[in-house]
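What follows is calculated from the coordinates using simple rules that are stated; it is not laboratory data. What you see is a predicted model; the values in this text were computed from it and never measured. So basically every Cβ, Gly included, is an ideal-geometry build from the backbone, and we count neighbours across all protein chains shown.
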Amino acid sequence: MAHRWNNDLTAADVTPYKTFLNRRQIMAGMAGVGLGTIAGPLMAAEEELKPNTWEEITSYNNYYEFGTGKEDPAEYAHKLTIDPWSIKIDGMVDNPGDYSFGDIMAKMTVEERIYRFRCVEAWSMVIPWNGFELADLLELAGVQSGAKYVGFETLVRPSEMHGQKYPVLDWPYVEGLRLDEAMHPLTIMATGIYGKDIPKQNGAPMRLVVPWKYGFKSIKSIVRITLTDKEPPTSWNKANAREYGFYSNVNPTVSHPRWSQASERKIGGGLFAKRVPTLNFNGYEEDVAGLYDGMDLAEFF
Ligand SMILES: Nc1nc2c(c(=O)[nH]1)N[C@H]1C(S)=C(S)[C@@H](COP(=O)(O)O)O[C@H]1N2
Ligand SMILES: [Mo]
């Protein structure tokens with residue numbers, strides 16, 4: 001399927017691969033944690049920056065199935081078996097069933113897209129994801145007319161995901177989108193990054209990427225997609241409804257109860273740029289604002 005949106009970012013906007021790989025250490029360095037892993041010149045730049053709070057740091061590297069520590073996913077995710085892999089698509093679809101990863105990949109057109117992608121924790125990067133539009137997969141399953149929402153679930157396998165032995169979240173990790181959000185061409189299932197297979201700590205073999213929403217909406221290692229007429233539960237909303245709403249659109253005017261979301265730091269070029277204002281819908285306002293016409297986005301945050 002052809003691109004259905006205009007990409008205004010170029011190769012020059014992409015965060016260098018090395019910076020991407022080192023970002024956990026880079027961010028850790030900002031809090032004075034793991035200083036030994038930071039290269040000299042980078043350290044000098046960091047020292048001029050106000051350190052992040054503990055809450056910010058602990059949220060950077062999020063894949064709680066592998067532990068809550070920022071280095072846990074990179075350390076433990078290799079244990080995950082991703083072959084064979086299938087996604088159950090059920091609920092309000094004409095063609096429910098288990099779709100194997102191989103079958104899905106054979107039917108989808110995988111493209112490279114360049115996304116500005118930021119996390120709720122106030123940093124931003126530009127990532128070249130490879131993937132396909134979620135809409136294409138949903139069309140394959142045949143969405144029924146009464147469906148209004150899409151629910152997603154991550155694998156539950158405590159033998160390989162030791163973080164699931166602890167009730168830090170209610171497993172499985174679940175997420176949801178309204179159907180029109182899910183069908184939007186910016187919503188992709190990512191299978192690769194920087195032209196390589198997606199690393200396990202980033203959600204192999206398939207994870208969602210919703211670039212106008214905060215990072216936690218981008219659920220990793222998906223095994224189930226359910227079409228429904230009711231707003232599906234979402235993990236962070238279940239854990240803390242006051243801090244995390246269903247929509248979670250990047251919105252600089254709505255502060256998180258514990259921190260401002262008005263600005264972000266761009267990671268790139270080996271040095272930190274100054275804080276820059278966060279853009280409404282993470283810069284995708286033109287593409288997605290229409291989805292929320294008439295909605296009070298402070299109420300539906
Ligand atoms: N299954 C699952 N998906 C998840 C998470 C998680 O803990 N478990 N963390 C989320 C959060 S909070 C963020 S910021 C992003 C981080 O994705 P990245 O490591 O690829 O940048 O993944 C999201 N998807
Ligand atoms: Mo996050």
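Under the simplified labelling scheme, the Arg275-Ser260 pair shows an inter-label distance of 0.5 nm, with each label point 7 Å from Cα along Cα→Cβ. With semi-axes defined as the square roots of five times the eigenvalues of the C-alpha gyration tensor, the equivalent ellipsoid of the stretch 205-301 measures 24, 18, 15 Å, largest first. Packing here is the average count of other Cβ atoms within 10 Å per residue, and on that basis the peptides 282-295, 236-249, highest first, run 236-249, 282-295. Counting every other Cβ atom within 10 Å of each residue's Cβ, Glu139, Glu264 order from fewest to most as Glu139, Glu264. Taking the fewest neighbouring Cβ atoms within 10 Å as the starting point, the ordered list for Val126, Val250 is Val126, Val250. Counting only lysines at least 8 places from Lys18 when in the same chain, those with an alpha carbon closer than 16 Å to its own are Lys196, Lys266.
Taking R0 as 41 Å, what FRET efficiency do you get between Leu9 and Tyr166 from their Cβ-Cβ distance, rounded to the nearest 0.05? Once the sixth-power term is evaluated, E becomes 0.60. Rounded to the nearest whole Hz, the Karplus-based 3J(HN,Hα) values (6.51 cos²θ - 1.76 cosθ + 1.60, θ = phi - 60°) of the stretch 189-202 follow the sequence 9, 8, 10, x, 8, 6, x, 10, 4, 5, x, 4, 5, 9, with x at glycine and proline.
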